[in-house]
């Protein structure tokens, strides 16, 4: 984990959700790197990232595949999957993910999950795991 502000990478093809998560995470003191596709994240590299939040339903490479590739390269990097659909039910494809969020999700619950994954104190909220 970074000694400075932890860096959260957010991957989603919806620019409104990217902006919303960037605002939420920055307001909690995190550094945020946003990517509109899995490929753009992978092309930029995974170094310097402390956690990954990715949408599942994206064109070209979905969040399941991104999670698999990230966990292969950096097994200890926490990865959270978000979706507005029912892909989470596919447990075999979701192996390796550290948590799941269904849209719309509670921002405070997301922040608590991120803090917990990074070993920071939380207010005791829970997230679907």
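The values are calculated or read from the model by the stated rules, or taken from the named source; none is laboratory data. Bear in mind the structure is a predicted one, so any value in this text is a computation, not a measurement.
Laid out as a table, the results:
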quantity	calculated
Wholly within the range 23-102, strands (runs of 3 or more DSSP E) carrying at least 2 residues that are modelled with pLDDT under 95 and under 11 Å from the mean Cα position of the chain (by Cα)	79-83, 99-102
Among (1) modelled with pLDDT of 95 or more; (2) more than 19 Å from residue 104 (Cα to Cα) - the single one residue 19 does not satisfy	(2)
Whichever residue in the range 1-16 is assigned to a loop (DSSP other than H, G, I, E, B) and under 24 Å from residue 120 (Cα atoms) and, among such residues, is modelled with the highest pLDDT	6
